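A quick write-up on the structure given underneath.
A short reminder: the numbers here are calculations on the coordinates, not readings from a lab. Predicted model, so just to flag it, every value in this text is computed and none were measured. FYI the Cβ positions are ideal-geometry reconstructions off the backbone, even for glycines, and counts take in every protein chain you see.
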Amino acid sequence: MGNVKEEIKKVLSNKNTLTILIVLAGIVALYAIYNNRVNQAVTMIRVPYASQEITSRMQITSDMIGYTEIPKKIASSLGILTNAVNVNGNYVKYGNTIPENSFFYASMIVDFEEAIRNEFSDMKDGYTAYNLEVDIDSTYGNSIYTGNYVDLYVKAVDDNDKIIFGRLIEGIKVLAVLDNDGNDVFESSVDDRTPRQMWFSVPDEIYTLLKKTEYIGSGIDVMPIPRNASYSLEEREPVIDSQYIENFILSKSINIGTDFQTSPTTGQ
């Protein structure tokens, strides 16, 4: 035993031999790492996919699920759900659609409580949902999406038959774009849905101003105007941009709380 230990010490004390051993150990380690990565890349796993289009808030049932095989590494890197237990019986998140033959992604599958939530559920205190009638032209061919921030412009004719045109509200958030039946226009990639209502989230005072604009009737139009991508996606607070247009609208209405005075004798 003592001779064996002595021989080992001699070998390890030899610089050339030690260098060779270190190089060999490094090669073995690199091979093990490479082999592990190759195995991960080529290891196939069975994953579920949508056998039909599944729209927002729809419950996923077993007949909507098909199965295929993909590399395990791809599934983990893209957030693809690999177990049907996490899919079957759950729901598609509000505002999302899973196209036919698409995989199920963790970010798009929610439970019932989360599924019934929508943009209207998350409005801030002091905010109100406002509805504007639109069509395919005023939405720029369906290019204004839920969650975008847009501006509202007003076109009107004053008492001297002069045209008024300008931005009334800056930075207003689109809550939803719906068709005549109340379906989300962007909920399905199969159905051809025509926009009819655009919903916004606005502070209460802006809601009142917009409703007054609406009740003025013919001769005044409100138009959503999209901006560039960075503007549309950046979170912002809506503000009144034109005091002139605001005053014009207010001149066409009264505020019962302050402007309307009753007669102490007639009550009128």
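Listed highest first by mean packing, meaning other Cβ atoms within 10 Å per residue, what order do 220-233, 47-60 come in?
Per-residue Cβ counts within 10 Å, averaged per peptide and sorted highest first, yield 47-60, 220-233.
Tell me the label-point distance for the pair ILE136, ARG236, using the 7 Å Cα-to-Cβ offset, in nm and rounded to one decimal.
About 3.0 nm separates the two model spin labels.
What would the Debye equation give as log₁₀ I(q)/I(0) for region 119-251 at q = 0.17 Å⁻¹, counting only Cα atoms as equal point scatterers?
-0.91
Subtract the Cα-Cα distance of ILE45 and ALA106 from 0.36 nm times their separation in residues, and report this length gain in nm to one decimal.
20.3 nm is the gain from fully extending ILE45 to ALA106.
Could you please report the charge total around GLY166, scoring K, R as +1 and D, E as -1 over all other residues with beta-carbon less than 14 angstrom from its beta-carbon?
-3
Taking the Cβ of GLN197 as the center, what net charge do the other residues with Cβ under 12 Å away carry, scoring Lys and Arg +1 and Asp and Glu -1?
So the surrounding residues net to -3.
I need the Kirkwood Rh of region 44-115: take the reciprocal of the average 1/r across all distinct C-alpha pairs and report it in angstrom.
About 11.9 Å, per the Kirkwood formula over Cα pairs.
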